[in-house]
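Structure first, then comments.
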Amino acid sequence: MKKLVYILACSCLLGLNSCQNTFLDLDPLDAKTDAVYFKTPEHFREYANGLYSQLIGWRSGILDHMDIQSDLITNPSNQWNLGHGTINVGYDDSRWTGLYGSIRADNMLLERAETYAGDPAEITQYVGEAYFFRAYNYFYLLKYFGGVPILTRSLDTESPELYYPRNSRYEVVDQILADLQKAIDRLPIEQNISSSDKGHISKQGAKAFKARVLLYEATWRKNVGTQTDFEGSAGPATDQVNAFLEESISLSEEVMKDQVYALWNYNGDARMNNMSSRYLFCIEDAESNPGGYGRETNKEFIIYSVFDRDAAPGKFQLNLNMSYVYPSRKFMDMFLCKNGMPICEANSQFGGYYTPTSEYKNRDYRMEAYVGKSADDMKLNGTSGYGNMKFITYKPAAEREESANCPNLRLAEVYLNYAEAVMTRYNKIEDTQLEASINNLRRRANVASLTNALVDQIIELTGSTKSHEEVMMDEIRRERTIELYMEDFRFDDLKRWGMLEQELNQPRCGRVLGGTNYGTTFKDANGNNLAAYNPSAYVNGELKVETGHGELYCVQLSKKSDSSLSSRHYLYPIPQHQINLNPNLKQNPGY
């Protein structure tokens with residue numbers, strides 16, 4: 001581990017647009033040119049290690065990958081544009097320039113591999129890593145902008161590709177899938193990656209990532225189609241949907257069955273207080289959780305950024321910045337009771353909102369693990385009334401030193417991808433398939449298993465007019481929403497489900513304010529304001545909304561009128577500077 005971390009720490013200093021300066025000091029800096037690079041397998045290895053800084057990690061900008069200002073959480077300053085539909089065409093966009101800079105770095109390794117004088121087998125793994133990262137970066141470009149120009153070689157100022165038009169999203173997807181298959185064919189299996197090299201992309205990791213891409217694009221085409229594509233973009237809207245879903249199912253199943261991975265579940269240890277879902281995200285050493293479990297016990301992370309307090313410390317101050325993340329009323333009410341049923345007056349396990357902690361009674365363990373329920377966890381003045389505990393370190397760390405590994409893809413997501421792909425493809429899912437996938441997550445959360453019989457009970461309990469199939473899909477999506485909270489999925493999920501406008505053009509609310517029979521922290525049983533509740537801090541006032549116990553007044557974090565999302569917001573605009581440089585780039589519709 002230390003060897004990989006050391007190389008990554010050095011490599012993170014790279015400028016991805018000029019990667020010839022990313023190696024360790026094998027030669028004087030002024031001698032590092034293409035003429036002396038890429039001569040030995042070690043050169044390729046060191047260069048490939050530098051590509052790992054392209055993974056999302058604990059550094060500036062990480063909040064942009066936590067779905068701040070979605071319908072689940074709010075923050076005073078981040079992602080207001082996407083969460084509320086105020087996106088405008090900007091002069092430039094660091095997502096565009098940064099991702100293309102990374103792709104250039106990936107292309108350089110692939111080009112040099114073509115002319116490598118040694119045995120190609122010596123550099124197979126490093127070529128596979130470059131293919132993976134090129135696919136990884138194009139997938140982010142696809143999610144942000146849709147179809148973009150495909151560049152498969154590094155360019156100079158005279159390259160004609162600088163003036164190429166945009167490829168369609170369908171061509172970009174084909175490129176991503178082809179690169180991922182090349183990565184799968186070349187990468188080692190996780191079992192053959194040495195302990196000192198853990199953190200390198202494995203064959204299973206590339207398979208799991210490909211399954212993610214396939215599910216994303218299949219559901220996008222099924223639910224969104226071509227309405228967001230730029231003018232003149234052509235490609236199949238539906239004919240690959242079933243094939244994509246079937247391959248996503250197959251790849252997910254392969255990874256699920258591989259015993260090299262396992263959920264990190266130590267809830268059987270009384271010292272952990274059933275909080276495995278909290279401590280999973282802050283494992284550094286034996287002191288980072290009350291059970292004394294170190295990094296070597298984490299078999300759940302499949303793709304992750306490696307951090308280390310000494311060699312590669314995080315640069316974000318998690319404990320400080322996470323204190324400004326406020327869960328919403330909607331998110332809190334998504335957590336099921338232990339019996340697997342949603343909160344409602346007919347569910348005898350639901351404790352209501354009578355006290356600050358009564359709603360936690362008989363609920364999913366993740367509710368306390370992700371949000372917390374102590375007085376210190378709850379933010380009662382000027383916020384939603386709830387705090388955030390996900391990614392918070394167990395023991396307060398010195399500033400800029402919280403350095404747990406940062407997950408990019410974990411086994412929990414693979415279970416969720418599998419269940420959703422099965423349900424989307426066949427409009428049904430067998431209990432055995434649920435048992436092999438998302439019920440593993442529900443067991444860790446101490447929630448009854450999802451079965452077809454339970455779905456029928458939910459329909460009866462709630463009086464839902466939806467079909468069995470619709471409620472089953474709702475439950476699979478609910479499980480995904482809860483488990484992957486703050487892991488950069490919510491906006492993308494709402495887009496590919498075709499639900500962005502429906503879910504985000506709504507007010508965001510926080511804690512129930514109280515009133516008669518609801519003497520919560522904010523108001524006493526007579527409806528009088530308590531000292532901890534300062535109405536002047538809530539510029540949006542109070543709003544009566546539907547809760548688990550009917551309509552109740554809650555603090556309002558943002559108004560319905562603040563949000564005006566439409567289909568154009570499924571993609572970001574192409575930055576104007578790029579269009580100025582290349583007039584052949586067509587703008588996305590609506591901008």
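In the range 86-137, which residue that is assigned to a loop (DSSP other than H, G, I, E, B) and of a type in the set (Phe, Trp, Tyr) is farthest from LYS182 (Cα to Cα)?
That would be TYR91.
Is there any pair linking a residue in the range 292-308 that is at positive phi to one that is at pLDDT 95 or above, with Cβ under 9 Å and at least six apart or on different chains, and which?
Final answer for the pair search is GLY292/ARG271.
I need the full set of residues from the range 39-72 which are under 30 Å from GLN506 (Cα atoms) and assigned to a loop (DSSP other than H, G, I, E, B), in order please.
Selection gives ILE56, SER60, GLY61, MET66, ASP67, ILE68, GLN69, SER70, ASP71, LEU72.
What do you reckon, is ALA453 without any contact (Cβ under 8 Å) to a residue 24 or more places away in the chain and aliphatic (A, V, I, L, M)?
yes
Going by what's in this entry, would ASP492 be described as in a loop (DSSP other than H, G, I, E, B) and under 26 Å from the mean Cα position of the chain (by Cα)?
In short, no.
Quick test of your reading of the structure: GLU435 fulfils all but one of (1) in contact (Cβ under 8 Å) with a residue 60 or more places away in the chain; (2) in a helix (DSSP H, G or I). Name the failing condition by number.
(1)
Scan the range 121-143 and give yes if some residue there is over 17 Å from the mean Cα position of the chain (by Cα), free of Cβ contacts under 8 Å to residues at least 12 places away in the same chain and farther than 29 Å from LEU585 by Cα, otherwise no.
yes
Under 8 Å between Cβ atoms, at least 6 apart or on separate chains: pull out the pairs that start in the range 45-65 with a residue that is among the charged types (D, E, K, R) and end on any residue that is part of a loop (DSSP other than H, G, I, E, B) and surrounded by fewer than 18 Cβ atoms within 10 Å (Cβ to Cβ).
GLU46/LEU24; GLU46/LEU26; ARG59/LYS315
Table: residues versus (1) without any contact (Cβ under 8 Å) to a residue 24 or more places away in the chain; (2) not in a loop (DSSP other than H, G, I, E, B).
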| site | (1), (2) |
| --- | --- |
| SER233 | no, no |
| PRO236 | no, no |
| MET256 | no, yes |
| GLN259 | yes, no |
| TYR266 | no, no |
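Right, ARG221: farther than 20 Å from TYR47 by Cα, charged (D, E, K, R), surrounded by 21 or more Cβ atoms within 10 Å (Cβ to Cβ) and over 25 Å from the mean Cα position of the chain (by Cα) or not?
Against the criterion (farther than 20 Å from TYR47 by Cα, charged (D, E, K, R), surrounded by 21 or more Cβ atoms within 10 Å (Cβ to Cβ) and over 25 Å from the mean Cα position of the chain (by Cα)), ARG221 does not qualify.
Which of the residues spanning the range 160-199 are within 26 Å of the chain's Cα centre (by Cα) and of a type in the set (Phe, Trp, Tyr)?
TYR170
Can you name the residue in the range 141-160 that is touching a Phe, Trp or Tyr at 6+ places or on another chain (Cβ under 8 Å) and hydrophobic (A, V, I, L, M, F, W, C) and, of all such residues, is nearest to PRO236 (Cα to Cα)?
VAL148
Where the second residue is modelled with pLDDT of 85 or more and among the β-branched types (Val, Ile, Thr) and the first is under 14 Å from GLU368 (Cα atoms) and assigned to a loop (DSSP other than H, G, I, E, B) and lies in the range 386-398, which pairs have Cβ atoms under 6 Å and are six or more apart or on separate chains?
Qualifying pairs under 6 Å: TYR386/VAL371; ASN388/VAL325.
So, ALA183, is that one more than 12 Å from GLY128 (Cα to Cα), assigned to a helix (DSSP H, G or I), among the hydrophobic types (A, V, I, L, M, F, W, C) and modelled with pLDDT of 95 or more or not?
Here the answer is no, as ALA183 does not meet what is asked.
The values are calculated or read from the model by the stated rules, or taken from the named source; none is laboratory data. Being a predicted model, the structure only gives us computed values, none of them experimental. Don't worry about glycine lacking a Cβ; one is built from the backbone with ideal geometry, like all the others, and counts go over all protein chains shown.
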